[in-house]
1. Have a look at 297, 388, 81 and report the one farthest towards the positive end of the charge dipole of the chain, computed about the Cα centre with Cβ charges (Lys/Arg +1, Asp/Glu -1).
2. Taking the beta-carbon count within 10 Å as an exposure proxy, list 125, 248, 109 from fewest neighbours to most.
3. In cubic angstrom, how much convex hull volume per residue do the alpha carbon atoms of the chain span?
4. Along the positive direction of the dipole of segment 8-173 (beta-carbon charges: Lys, Arg +1; Asp, Glu -1; about the Cα centre), which of 27, 69, 13 reaches farthest?
5. Show the residues, 5+ positions off or on another chain, whose built amide H is closer than 5 Å to the amide H of residue 246.
6. If you place +1 on the Cβ of every Lys and Arg, -1 on the Cβ of every Asp and Glu, and leave all else neutral, what size is the dipole of the chain about its Cα centre, to the nearest 20 Debye?
7. With a 10 Å Cβ neighbour count serving as the proxy for reagent exposure, in which order, fewest first, do 163, 99 appear?
8. Given only helices, namely DSSP H runs of n ≥ 4 each adding -39500 (n - 2.57), what is the per-residue ellipticity at 222 nm of the chain, to the nearest 500 deg cm²/dmol?
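What follows draws every value from the coordinates through simple rules; no lab data is involved. The structure displayed is predicted, hence computed values, not measured ones. Heads up, the Cβs are rebuilt from the backbone with ideal geometry, glycines too, and the neighbour counts pull from every protein chain shown.
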Amino acid sequence: MAKIQYDEIMVRYGELSTKGHNKKSFIDRLGTNVRKALHDFDAVKVHANPDRLHVLLNGADSDQVIERLKKVFGIQTFSPSLRVEKDFAAVCAAARALIAKQVDHPVTFKVETKRSDHKFPMGTFEMNRELGGYLLKEFPDLLTVDVHQPDIEIRVEIRLNGIFLTSEIIKGAGGLPVGSAGKGMMMLSGGIDSPVAAYLAMKRGVSLEMVHFYSPPYTSEQALAKAKELTGKLAQYSGSIRFIQVPFTEIQETVKEKVPEGYLMTVQRRFMLRLAVEIAKRRHGLAIFNGESLGQVASQTMESMLAIEAVTNLPVLRPVLSYDKTEIIKIAEQIDTYDLSILPYEDCCTVFTPPSPKTKPNLEKAAKYEGWLDVEGLMERALAGIKIEEIHAGQEFLNQNEDVFAELL
Ligand code: ATP
Ligand code: MG
């Protein structure tokens, strides 16, 4: 179908229009996020008005801008529009292009005109009738009029600064603008679940920082790179995301050496959570997010959550708690993290997972075994080894040549 270079995109707000007194800060936030998502289109201007947000393209490629907008949370729908001179022939030409782009089989349509410039010689009824008649003549095999439930509406707005035509309504990502719900720490592994949990948290307006535990030399550089690349994928929904890598080797070795096998998992998880909480406190995070789903594996029972969560009173939020694996995988495919997640680089947990962890760990026992360890010291040293970097949308980290080298050797 024909490509159209649009002039402006009109964005309709989602849930935020119902947010009462928060409305202004939500709209400001969305404006900021849209500007961030489009930062490399120099000519683009964004006006976040109380009722609608307008993106003025000033020549920027509308197809590319549209793809970016589809990933910005807080947008319900948006409509690209064409702006023409205040002249009926120009309106006809633009409407013709809109139909040619969208319609390839017979549909019903109507023209709906609004006029705020009352000096324009044609009234709204006249415009509806004349433009409708013109389009019927141009596309006799494709169009019939239905004023009640048309498949397609050509909306014409006669404004002071020109005439705007829109037709297509594109579905936005929904949700709330990232950042409007505050900041949270996401425990991001290289698995399938935590990236999906991160996506869902961001969709509810949470600005995330990723906390990733790695255990060299038990885990490879590639495993770390994979977690970073996943972060790059997720950053498409928020512009950029901080990635905090936490060395976990000493803790895992110590736990493995001193704690009975049935409690290795529980005690490791308690350390991870303590560290994530400490990082949240230092960085003004309000909650910890993880990718646990109830009953999925041994560590994801309610008994286990109770024993692990006892180390903190910060909320531990689990966006995929009630999702089946197949549902999680479906989202992972939609957000394009699945193929990365299934790459076979071991993360720090798989390496130290005992064959049969307790599914119903006991909190007192977990605390007792930890009493045999220098919890404070282990925490301090892990925190001292933290590295933080900012990862941008689409940034890549996996060594694409790895396979080639492996074949050469
Ligand atoms: P995922 O697919 O997200 O790895 P999973 O089903 O494999 O989840 P686990 O490996 O038991 O389950 O991990 C449960 C959760 O603990 C993860 O979703 C993640 O939030 C957190 N987690 C596990 N390993 C790490 C890690 N190396 N760094 C940070 N968080 C982790
Ligand atoms: Mg995992």
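1. Positive-end residue among those listed: 81.
2. Numbers: 125 9, 248 27, 109 24.
Arranged by neighbour count, lowest to highest, 125, 248, 109 become 125, 109, 248.
3. Numbers: hull volume 73.2 nm³, N = 409.
Convex hull volume per residue, Cα atoms: 179 Å³.
4. Of the options given, the answer is 27.
5. Amide H neighbours of residue 246, under 5 Å, 5+ apart: 212, 213, 214.
6. On the way: 50 positive and 54 negative charges, 320 e Å.
Approximately 1540 debye in magnitude.
7. Details: 163 25, 99 20.
Fewest-to-most Cβ neighbours within 10 Å comes out as 99, 163.
8. Values: 15 runs with 159 residues, N = 409.
Mean residue ellipticity, 222 nm, calculated: -11500 deg cm²/dmol.
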